[in-house]
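Student: Below is a structure I'd like to ask you about.
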Amino acid sequence: MREQTLICCHDDVGHMDAKKTLHNLKLRYWWPNMRKDCKAYVRSCHKCQIVNRRTANAYGLLQQLPIPSTPWEIVSADHIVCLPQTRNGNTNMLVQIDHATHYVIATPSASLAAHTVTDALYHNIILRYGPPSMYLSDRGTAFTARHT
Ligand SMILES: [Zn+2]
């Protein structure tokens with residue numbers, strides 16, 4: 001009887017999440033531990049498991065980047081990977097682009113480790129032009145990892 005009720009309040013109304021399913025249940029039914037049964041039923045629902053539900057926060061809106069007032073104030077960086085191997089064993093390239101001048105600094109590297117990014121940022125940009133106020137990346141692991 002309870003399972004039929006859960007099917008009616010979950011499956012038959014479009015596989016809502018546990019909170020909405022419980023709300024539907026409470027409109028007409030009550031039994032001890034109904035919340036717990038509802039959560040367990042929704043968690044074990046096969047159809048809900050195979051459908052990729054987004055549980056994280058919603059994406060933010062795109063925002064226009066500020067216009068740089070001086071060269072090397074805003075720098076974008078990304079990796080180009082799986083290039084033909086050089087004599088030094090490098091197969092990747094870190095590309096850093098100045099937004100004001102579109103000047104490009106390409107740094108070959110053998111790995112995508114965080115230290116390749118910090119070394120290139122320090123030697124190619126900070127020592128030459130000063131620290132940029134904005135360093136943009138795709139937030140790949142090489143850019144977000146902690147450099148020790
Ligand atoms: Zn479901």
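Student: For the chain, what does the relative contact order come out to in percent, with C-alpha contacts under 8 Å and a separation of six or more?
Tutor: On the way: 160 pairs, mean separation 25.3, N = 148.
Relative contact order of the chain: 17 percent.
Student: Can you find, among 88, 141, 24, the residue farthest towards the positive end of the dipole of the chain? Put +1 on the C-beta of Lys and Arg, -1 on that of Asp and Glu.
Tutor: My answer, from the dipole projection, is 24.
Student: Put +1 on the Cβ of every Lys and Arg and -1 on every Asp and Glu Cβ in the range 1-81; which of 5, 44, 66 then has its Cα farthest towards the positive end of the dipole?
Tutor: My answer, from the dipole projection, is 5.
Student: Using unit Cβ charges (K, R positive; D, E negative) and no other charged atoms, how large, in debye to the nearest 20, is the dipole of the chain about its Cα centre?
Tutor: 940 debye
Student: Roughly what % of DSSP beta bridges within the chain run antiparallel, to the nearest 5?
Tutor: Numbers: 12 of 15 bridges.
So the antiparallel bridges in the chain amount to around 80 percent.
Student: How large is the direction-averaged shadow of the alpha-carbon convex hull of the range 70-145, in nm²?
Tutor: Working: hull surface 19.5 nm².
Directional mean of the projected Cα hull area for the range 70-145 stands at 4.9 nm².
Student: Most mobile of 87, 35, 128 per a Gaussian network model of the chain (Cα springs, under 10 Å)?
Tutor: Result for the chain, Cα springs under 10 Å: 35 fluctuates most.
Student: Can you compute the helix-only [θ] at 222 nm over the chain? Use -39500 (n - 2.57) per DSSP H run of at least 4 residues, normalise by all residues, nearest 500 deg cm²/dmol.
Tutor: Values: 6 runs with 46 residues, N = 148.
Using -39500 (n - 2.57) per qualifying helix, the result is -8000 deg cm²/dmol.
Student: Something else: What number, in percent, do you get for the relative contact order of the range 1-88 if the mean sequence gap of Cα pairs under 8 Å and at least 6 apart is divided by its residue count? Intermediate values should be presented prior to the final figure.
Tutor: Values: 26 pairs, mean separation 18.3, N = 88.
Here the relative contact order equals 21 percent.
Student: According to a simple spin-label model (label point 7 Å from Cα along Cα-to-Cβ), what is the distance in nm between residue 88 and residue 11?
Tutor: Going from the residue 11 label point to the residue 88 one covers 6.3 nm.
Student: Within a Cβ distance under 14 Å of residue 126, other residues only, what is the Lys/Arg minus Asp/Glu net charge?
Tutor: Here the count lands on -2.
Laboratory data are not the source of any read-out in this text; all were calculated from the coordinates shown. Just so we're clear, the structure is a prediction, and the values are computed from it rather than from any experiment. Here Cβ is always computed from backbone atoms with ideal geometry, including for glycine, and neighbour counts include all displayed protein chains.
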